[in-house]
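Supplied in structure tokens, the structure appears directly below.
The values are calculated or read from the model by the stated rules, or taken from the named source; none is laboratory data. All values reported here derive from a predicted model rather than from experimental measurement. Methodologically, a virtual Cβ is constructed for each residue, glycine included, from the backbone with ideal geometry; neighbour enumeration extends over all protein chains shown. The protein model used for the area step is the full one, side chains on, heavy atoms only, and it has no ligands, DNA or RNA in it. Shrake-Rupley method; radii C 1.70, N 1.55, O 1.52, S 1.80 Å.
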Amino acid sequence: MTAMLASLTHRRATMRSRVTLVGLVALALVGCEGFNPSDSGAQQSRTLPPPQPAGPVPAQSINASRRSAITTAVERVAPTVVTVQTETVERVPVDIFDYMMGGRSGERRNAGIGSGFVVRNDGVIVTNAHVIAGATSVSVAMRDGTTYRATVVGVDETNDLAVVRISAKDLPTAQLGRSSDLIVGEWTIAIGNPFGFVLGNTEPSVSVGVVSAVGRNLAGRTEGGGVYIDMIQTDAAINPGNSGGPLVNANGEVIGVNSSIYSPSGGSVGLGFAIPIDRTRRIVEDLLEHGAVRHPWVGIRLQTPQVQSAREVASLGAVVARVAPGSPAERAGVRVGDQITAAAGRPVRNPYEWEARLLDLRVGESLAITLRRAGREVPANMQVGDAPEVTAPKVTVLRELQLVTVTDAIRQERGIASNAGALVFKVSDRIRDEIGLQEGDVIAQVGRSRVASAQEVSEAIDRQGARGAVVLVFERNRQYFQTQFTLR
């Protein structure tokens, strides 16, 4: 046994020696450049490439790996992005010292800036409504610095979109994609002019992120202000000045219009929101064709219990509080107390989602909904119509003021407190500035007389104006105000 163990030990030692020798030979081979078995084993010297001259690398020599879908997408869309510049005139108290020194007292001129992008090569540009809100003049600066005076084609404040036009031809145009099939996590590119007055450049800048979420409902502090429904959320940096610029996918297609940011500080914190391009396309078509958007109306108002946060609203359900008389909803059999659970084949779980479904509609389309009534599912189908004030007869007062008689349908749809009166349907800037009336106000009284219709308002103004000052009492947001003016 001892002899056997000694023999095994000797064989293992011999094998280890052979393995070690093979390993050393292998290392020698690896370390030798241009090894040839017939050589004496000497290692040849290694020649390094000559140093390259410093300076910019010619475009044709750029490594292909530096180019990506993102750089290609930016090259396609960036030439279509413009800077939208505005000027607003604000009335301020008269400064007597400034006035005595020859200054212009009583008004202050403020400059504003945003972004936009060309959608038609004959000068049609999309931007945000809040970018041009209250502007007395609008101009558009192209990428090369060329500046054009712009005219406002139409504005949709509900969706925060506007269309302006410049006198130019053969402009590069952005390719519009789809927002209905977005994938959470796919690349997004925000292009625009953040803090445009700080930077002395006319070219747009680019930030990159992903689609963070879709169908977002935002009711809080935003750069655009207001409440935004069914938005695209992205973490691509969006800052003040980006508003109105395009949100682009990796194919170089516009999938949204950058509209707002949520920010406690005023700068980007990775919560940016864009209006879906499917909705934008529909609104732009309406503005170009009609100069205004035909907002879909079905005549349903939902319950709005007092809640503390938007998250609580998301869990309320969409319960019908009122059905306007003669509305599409009434004709379809919708009742107070019904809960809407689905619309257009998509679930409805709260008031936000109901409003989002309405934003996707056009006047004249059919809307299929599902109601929960007494524990069972009830289908209904509605023919979407114009808002009742749109089709109602108009009475023109003071040549620049259009009024509509308040009906039960208008009162319920708009939540008007007055039982009767005249709704301000359209008003000129002069009347708005000098008298103080706004679209959506309801004139309830002229002098000491209550009025029940638009025609009564017209007649009462003529009578009062012939004797002196005209006093109007009007409702705004369920509160009453008074204004006074004289006829010229």
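Which of the residues that make up the range 434-461 are part of a helix (DSSP H, G or I), touching a residue at least 24 places away in the same chain (Cβ under 8 Å) and open to solvent by 50 Å² or more (accessible area, probe 1.4 Å)?
Glu434, Gln455, Glu456
Also: Could you grab the pairs with beta carbons closer than 8 Å, sequence gap of 6+ or different chains, first residue in the range 466-488 and more than 18 Å from Ala454 (Cα to Cα) and small (Gly, Ala, Ser), second one at pLDDT 90 or above and not in a loop (DSSP other than H, G, I, E, B)?
Ala469/Gln484; Ala469/Phe485
Could you grab the pairs with beta carbons closer than 7 Å, sequence gap of 6+ or different chains, first residue in the range 392-410 and more than 9 Å from Val427 (Cβ to Cβ) and outside any loop (DSSP other than H, G, I, E, B), second one of a type in the set (Val, Ile, Thr) and open to solvent by 20 Å² or more (accessible area, probe 1.4 Å)?
Hits for this filter: Leu403/Val395.
Against the conditions (1) in a strand (DSSP E or B); (2) open to solvent by 20 Å² or more (accessible area, probe 1.4 Å), where does Val164 fall short? Just the number, please.
Looking at each condition in turn, Val164 falls short on (2).
Follow-up question, since we're still on this one. Can you go through Gly241, Gly252 and tell me which one is at pLDDT 95 or above, in contact with a strand residue (DSSP E or B) (Cβ under 9 Å, 6 or more places away or on another chain), in a loop (DSSP other than H, G, I, E, B) and open to solvent by less than 10 Å² (accessible area, probe 1.4 Å)?
Matching residue, one of Gly241, Gly252: Gly252.
In the range 327-340, is there at least one residue being part of a loop (DSSP other than H, G, I, E, B), buried (at least 16 other Cβ atoms within 10 Å of the Cβ) and either of a type in the set (Val, Ile, Thr) or under 25 Å from the mean Cα position of the chain (by Cα) (or both)?
yes
Give the residues of the range 356-375 that are over 14 Å from Asn159 (Cα atoms), open to solvent by less than 50 Å² (accessible area, probe 1.4 Å) and not in a strand (DSSP E or B), sorted by residue number.
Of everything in the range 356-375, those that are over 14 Å from Asn159 (Cα atoms), open to solvent by less than 50 Å² (accessible area, probe 1.4 Å) and not in a strand (DSSP E or B) turn out to be Val363, Gly364.
Quick check on my filter: what residues within the range 397-407 are at pLDDT 90 or above and either open to solvent by 80 Å² or more (accessible area, probe 1.4 Å) or within 12 Å of Ser453 (Cα to Cα) (or both)?
Hits for the range 397-407 are Leu403, Val404, Thr405, Val406, Thr407.
Within the range 384-392, can one find any residue that is open to solvent by less than 40 Å² (accessible area, probe 1.4 Å), in contact with a helix residue (DSSP H, G or I) (Cβ under 6 Å, 6 or more places away or on another chain) and of a type in the set (Gly, Ala, Ser)?
Yes, the range 384-392 contains at least one residue that is open to solvent by less than 40 Å² (accessible area, probe 1.4 Å), in contact with a helix residue (DSSP H, G or I) (Cβ under 6 Å, 6 or more places away or on another chain) and of a type in the set (Gly, Ala, Ser).
Out of curiosity, is Thr188 assigned to a strand (DSSP E or B) and touching a Leu at 6+ places or on another chain (Cβ under 6 Å)?
Criteria met by Thr188.
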